[in-house]
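Structure first, then comments.
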Amino acid sequence: MTEENGFQNNLSPSDELSLLKKIYGESEISSIYQYMMNCFNIIQTRSQIVLSLATICLTITGFSGAKIANSSVFSMGCLVIGLSLVLLSIITVLSGPLQVRWISQIYHFDLDTTIEELIKMRNKKTRLYQFSILTLGIGLSFYVLSVISFLIHGNS
């Protein structure tokens, strides 16, 4: 756990649960559970945006990818790298954040342990989402470079 300007970052699941109990109240496990459901919904929604952006990239490539790749070796290389990273982003988001596991299936007789496990699960999905958005961003950057190169070199 790091501290910056009095704020603690990277709380452990047990520390985060303690904080949530301070916010919602010690006996308000249902409110904390609802909070966790909302966290999973946010990850789900944002992961769908990653898929939408990647789909747009793949669709455009289907129409003009061959022309872009044939314009220059640089365009072709950027297109290959860009599409590979976009594909990695799709695979990551499909195999991580968009994997369905109902939170009602995560149960331990000690509800604190249940919530801590949900926090761990949310954190893992968040890390995978962050990786997928990073690879998508880098992949789209290479893709845009290939388009810029195509516009400069044309159909030569």
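Every number in this text was worked out from the coordinates using simple rules, so none of it is lab data. None of these values were measured; they are calculated from a predicted model. Counting neighbours? That spans all protein chains shown, and the Cβs are built from the backbone with ideal geometry, glycine included.
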Could you give each residue of the stretch 85-94 its phi-based ³J(HN,Hα) in whole Hz, using Karplus coefficients 6.51, -1.76, 1.60 with θ = phi - 60°, and x for Gly or Pro? 5, 5, 4, 4, 4, 4, 4, 4, 5, 6
Whole-number Å³ per residue for the convex hull built on Cα positions in the stretch 41-88: 54
At 7 Å along Cα-to-Cβ for each site, give me the label-to-label distance between Val80 and Leu19 in nm. 4.5
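Based on the Cα coordinates of the stretch 2-153, what is the per residue volume of their convex hull in Å³?
124
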Between the modelled labels at His108 and Ser52 (7 Å from Cα along Cα→Cβ) the distance in nm is 3.7
Distance-filtered residues of the stretch 63-80 - backbone nitrogen under 16 Å, label point 7 angstrom along Ile138 Cα→Cβ: 78-80
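Calculate for the chain the 222 nm mean residue ellipticity that helices alone would give, adding -39,500 (n - 2.57) per DSSP H run of length 4 or more and normalising by residue count, nearest 500 deg cm²/dmol. Could the numbers behind the result be given before it?
Working: 4 runs with 121 residues, N = 156.
Helix-only estimate at 222 nm: -28000 deg cm²/dmol.
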Cα-based count: Lys pairs in the chain below 28 Å, eight or more positions apart or different chains? 6
